[in-house]
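Some notes on the structure that comes next.
Each reported figure results from applying straightforward, stated rules to the coordinates on display, with no laboratory input. Quick caveat, the model's predicted, so the values are computed rather than measured. Note that each Cβ is placed from the backbone with ideal geometry, even for glycine, and that neighbours are counted across all protein chains shown.
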């Protein structure tokens, strides 16, 4: 078949969609105001096919509105829907302490809020007429559009709703492809333009016509991103049952869905497919910019806070971020899994390292690399509660809310039951980290059998593909065994290093007064060398290390290493390498606004439906 000969875009004609609703019996109804004869705009009523495959859009972390449990207007996290919202949110978080952030974003005291401002365009409003509700706002809310970050996802929700309802132009009596499909898909169907990494077959007219015999109502399905993605996957499974049951109650054939995900929503979708019986209820999944095996940026932010203006809202430093993320399994599940390796020119290596200048055997200076926690990342980095300066969390930052309450009680003269808080706080974190580890194990190399995906490997959108602590100073000693002297909580530390070849065999830092003998204390920040106090040693041996900027190709958040990880397990995956390769350049949060990502998504949806046994079986019946 020649696409240019048989499928063309129709001539433009002024048309307005008229909303088609369903009555209690599932029969279609429509209402339209009469207009004068001089208005030549065609009114178009679209009848719904009997086959229904709901599209369930699952957003990324922080892409779902959260409220305080059992409170209608108690905002826990409402992403800004405009500049004014952003200013208000910025001012609201400007002076929030770590303890206040922890209490506000408590995974056990928050739930999904569905009252956000949905953003359907005029065509979408007409297509949403089949949803439950009396107004556009009520119908959009029933579809879940108010659960998700409207300013970020409203565009893709409307695009999917409109484009899949109008694959062929009704004005041409279904003989010509609609303008949107011509521009978004047909013009970009070769493998290089879409970035396809596996054998690629362009869409055929038969596939498009078969796909056009299906109704694709678009639903937003948010989730509590503070909780484990396993919990969120189970919630998604319940939504699949509820949504499909609704369309069956209207007399439609509806027992399967297609899931479209963004970022961490991909982990939710993969967890959902592991719920018993759910894989068969899912016709296919499309993943966009998914951190399939985690992202080193998560470690960076727990240790040093967020970047740019976001840091005021999301966390300025290690104290802000640890207080929230150490108490929430969902964010911890974005840490690099045991599978994650950083790509280098010579192969791959562990993602956490330190470098400094060292003297070689010939007396010349050269950069020395040391891998940190390169055994088991869970034991050596995440659950490391030793004095290792490069471990993930400091125990004193885990539960500032409880510490603040104890201090308040002391000031008020109330009795405070003291206990080993260091152990207790870390135990609380360990429970959350264990939940994250379990999720990693649950979905490791697990993908729905009919999965498509896209990701970015754009050198202009650099992401942390590793976390690199670097010092420009010449150091002779064991960096891994260095002692933390100072940490600004924004990615800069000072380390005390034992010099190689010296008689300083045993060094012990004292960050707080401890008993040296039954009768005395060692002062803070004094180093003990071979059993003796040595103040001058620490001053002479402090070396400054700083986390380096992101340098790996990606989308600004998810690096190529994680985005490409699904490749062996999926039907097709699209790699987008930026303008130098003839692709669009997009950032992580706004990837679905890019034409190339939209085209890859639409292509994938049609392939999922048109090549399914389910469609062929049901088309033969109808």
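Highest mean first, the peptides 551-559, 270-278 sorted by other C-beta atoms within 10 Å per residue fall in the order 551-559, 270-278. Annotation: peptides 285-295, 246-256, ranked by per-residue average of other Cβ atoms within 10 Å with the highest first, follow the order 285-295, 246-256. Relative contact order of region 256-327: 27 percent, from C-alpha pairs under 8 Å at least 6 residues apart in sequence. Peptides 220-233, 156-169, 102-115 ordered by packing proxy, namely the average of other Cβ atoms within 10 Å per residue, highest first: 220-233, 156-169, 102-115.
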